[in-house]
Amino acid sequence: MPTRDEIFPSKYLKCADLKGKPSKEDIEASPVETLKGTDGKEERKTVLYFQGKTKTLPLNMTNWDSVAAICGADTDDWPGNTIELYPARTTMGGKTVDCIRIRAPSKKKTSPPKHDDDMEGDSIPF
């Protein structure tokens with residue numbers, strides 16, 4: 001059976017879109033747009049567009065601050081940077097709800113360079 005989100009897809013990224021896993025995303029654009037809030041009032045928000053993705057992410061203050069800590073305070077510098085979106089929980093209107101949070105992508109662990117045992121002890125001429 002289709003889910004509610006499948007029947008009524010949103011143009012905005014939701015926590016459910018992450019399927020419980022973090023996702024590294026490359027920022028394509030970060031314009032300020034006028035959006036209608038749940039109360040019907042218009043508000044200006046920075047909206048993140050990601051390379052190769054159709055859904056966008058309007059930023060609340062918490063997520064805006066997270067992106068600024070990673071990419072700098074000038075939103076013109078954000079495109080081209082990579083961030084990691086991850087599912088979390090927060091309290092909103094007295095209820096605990098799912099949300100998307102943002103952090104710097106984790107660095108991959110690198111293994112030490114391998115050396116060829118056959119060459120161990122050989123000197124390298126200069």
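Throughout, read-outs are computed from the coordinates displayed, never taken from laboratory work. Here the structure is a predicted model, which is why all the values come from computation and not from measurement. Neighbour counts are summed over all protein chains in view; Cβ atoms, including those assigned to glycine, are modelled from backbone coordinates with ideal geometry.
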Odd one out for Lys41 among (1) more than 20 Å from Asp76 (Cβ to Cβ); (2) among the charged types (D, E, K, R); (3) in contact (Cβ under 8 Å) with a residue 40 or more places away in the chain: (3)
Assess whether Lys41 counts as being of a type in the set (D, E, K, R) and surrounded by 11 or more Cβ atoms within 10 Å (Cβ to Cβ). no
Restrict the check to segment 12-30 and report whether at least one residue is more than 26 Å from Ala104 (Cβ to Cβ) and among the small types (Gly, Ala, Ser). no
Please go through segment 31-52 and give me each residue that is more than 18 Å from Arg103 (Cβ to Cβ) and either in a loop (DSSP other than H, G, I, E, B) or under 13 Å from the mean Cα position of the chain (by Cα) (or both), ordered by number. Pro31, Gly37, Thr38, Asp39, Gly40, Lys41, Val47, Tyr49, Gln51, Gly52
Inside segment 11-35, can you point out the residues that are exposed (fewer than 13 other Cβ atoms within 10 Å of the Cβ) and among the polar types (S, T, N, Q)? Thr34
Residues to consider are Glu84, Glu28; find the one that is out of contact with any Lys or Arg (no Cβ under 6 Å at 6 or more places or on another chain) and part of a strand (DSSP E or B). Glu28
Every residue in segment 57-67 that is in a helix (DSSP H, G or I) and either more than 12 Å from the chain's Cα centre (by Cα) or of a type in the set (S, T, N, Q) (or both), please. Met61, Thr62, Asn63, Asp65, Ser66
Just checking, how many residues over segment 65-110 are over 13 Å from Thr46 (Cβ atoms) and among the aromatic types (Phe, Trp, Tyr)? 1
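Using the structure shown, decide if Pro79 is part of a loop (DSSP other than H, G, I, E, B), in contact with a strand residue (DSSP E or B) (Cβ under 6 Å, 6 or more places away or on another chain) and either over 15 Å from Cys99 (Cβ atoms) or of a type in the set (Gly, Ala, Ser) (or both). Break it down into steps so the answer makes sense when it comes.
Working: part of a loop (DSSP other than H, G, I, E, B): yes; in contact with a strand residue (DSSP E or B) (Cβ under 6 Å, 6 or more places away or on another chain): yes; either over 15 Å from Cys99 (Cβ atoms) or of a type in the set (Gly, Ala, Ser) (or both): yes.
Answer is yes for this residue.
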